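The values are calculated or read from the model by the stated rules, or taken from the named source; none is laboratory data. Bear in mind the structure is a predicted one, so any value in this text is a computation, not a measurement. Positions of Cβ are backbone-derived with ideal geometry, glycine not excepted, and every protein chain shown enters the neighbour counts.
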Amino acid sequence: MSVSKEASKLIQKIVLVLLILGCTEALAQPEEATKAVTMILGEQGPDGCELLGRVKGSSKESEAEEDNTPYVDRLIRARNDLRSEAQKLGGNNVHIIYSNNTGKYDIPGVDKEIIFIGNVYRCE
């Protein structure tokens, strides 16, 4: 099957526009969105780092939300929320000090929210 020259040029222009839009979107992301945040579990936080504060990450986007999202997606949402809150404080490490993971089981009447609470640090 052959494609006419006009259709080929149109396809090339569409691909070019999509590529430019994709690059523009990537460049428009705030710098914090591209910084890595290390999450640490254990008894102690990182040594030699500056403590910036405490943050909470939740799997719920709003209090009124009825969440039928799969467990893994809720877990990822809570982790990403914790990472985002750490980035807002300028941190690059989070020592998770508390987690409420009742959302793993589908028990009637039990809230499925997953919560992580951690201390945020800036480490060099």
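A compact table of results
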quantity	calculated
Answer residue from the stretch 68-77, given it is touching a helix residue (DSSP H, G or I) at 6+ places or on another chain (Cβ under 8 Å) and not aromatic (Phe, Trp, Tyr) and is modelled with the lowest pLDDT among those	THR69
Set GLU65, GLU43: member being at pLDDT below 75 and part of a loop (DSSP other than H, G, I, E, B)	GLU65
